[in-house]
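Single-structure report; data block below.
The values are calculated or read from the model by the stated rules, or taken from the named source; none is laboratory data. What you see is a predicted model; the values in this text were computed from it and never measured. Because the Cβ atoms are built from the backbone with ideal geometry, glycine has one as well, and the counts that use them run over all protein chains shown. Side chains are part of the model used for accessible areas, which takes the heavy atoms of the whole protein and leaves out ligands, DNA and RNA. Shrake-Rupley method; radii C 1.70, N 1.55, O 1.52, S 1.80 Å.
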Amino acid sequence: MPRLNTVDPASAEGPVKEIFDGPLQGKHFNIFKGMANSPAALNAYLGIAGALGNAQLSAAEQETIQLAIGEANGCDYCLGAHTALGKMAGLSEAQTIGARKGHVSEDPKLDALAKFALRIHEKKGWVGDDDFAAVRDAGYSDGQIAEVFAVYALAIFTNYFNHANQTVTDFPAAPALG
């Protein structure tokens, strides 16, 4: 049971209604219904997510980060959502599971990306020169590395929001890790 009021898009008013009728039209997921208690919180999500829509990192690369961090934080809501989104972005089932495990054996570049994201998480941002070298050696530019931190920040925001709110999952559950 969610701890925050669940805002019904059909009865939303003011800025929240504009958001549900605009950028979130057709995307009335439970996470957004909880965030909609504050137009500022909802716009914070949309601002970061929108900016990342123009990122150098592909959607599949961003979903790899989301899955790695979602698993590290145990966010069932985000794991379900990003497994579905990852597949829509072209990740295979094995790649979505590998990203969650921090080892994408089928793709060395995604593997390096998942490992780097997890190093950011483990080291609370204090990644070392060897961490940067590994992700650069995999072919990522400094711009893409900067974007990894933005995707990471979005993952932390949504993971922690869902934990605190106890958001009801409205995506199929992610497969169990074997």
- By accessible area with a 1.4 Å probe, ligands and nucleic acids excluded, highest first: order of 71, 122: 122, 71
- Stick to Cα atoms and the Kirkwood definition of Rh, then tell me Rg/Rh for the stretch 1-92. 0.99
- Per-residue accessible area, 1.4 Å probe, largest first, puts 33, 115 in the order 115, 33
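What Kirkwood radius, in Å to one decimal, follows from the Cα pairs of the stretch 40-125?
Details: mean 1/r = 0.0771 Å⁻¹.
Across the stretch 40-125, the inverse of the average 1/r is 13.0 Å.
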- Task: Just check the stretch 1-156 against the gyration tensor rule for me: Cα atoms, a ≥ b ≥ c as the square roots of the eigenvalues, rounded for a/c under 1.5, and otherwise prolate or oblate depending on whether a/b exceeds b/c.
- Result: prolate
- With contacts defined as alpha carbon pairs under 8 Å and 6 or more residues apart, what's the relative contact order of the chain in percent? 30 percent
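Go through 152-163, 41-52 and give me the packing order, highest mean Cβ count within 10 Å leading. Mind showing how you got there, number by number?
Working: 152-163: 18.8, 41-52: 15.5.
Per-residue mean Cβ counts within 10 Å order the peptides as 152-163, 41-52.
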- Which residues in the stretch 157-178 have a backbone N closer than 17 Å to a point placed 7 Å from the Cα of residue 106 along the Cα-to-Cβ line? 174-178
- Task: Once you have all Cα-Cα distances for the stretch 81-153, histogram them in 10 Å bins from zero and send the whole-percent values.
- Result: 20, 52, 26, 1
- Just the accessible area for residue 92, please: 1.4 Å probe, Å², rounded to the nearest 10? 50 Å²
- Note on the structure: Violations at 32 Å Cα threshold for listed pairs 17/123; 87/123; 17/115; 33/124; 87/124; 17/101 -> 17/123; 17/115; 17/101
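Go through 167, 6 and list them by solvent-accessible area, largest first, probe radius 1.4 Å. Intermediate values should be presented prior to the final figure.
Numbers: 167 20, 6 70 Å².
Highest to lowest solvent-accessible surface, that is 6, 167.
In a shell of Cβ-Cβ distance under 13 Å around residue 58, excluding residue 58 itself, what net charge do Lys and Arg (+1) and Asp and Glu (-1) give?
Values: positive: 109; negative: 61, 63, 107, 147.
Net local charge, residue 58 excluded: -3.
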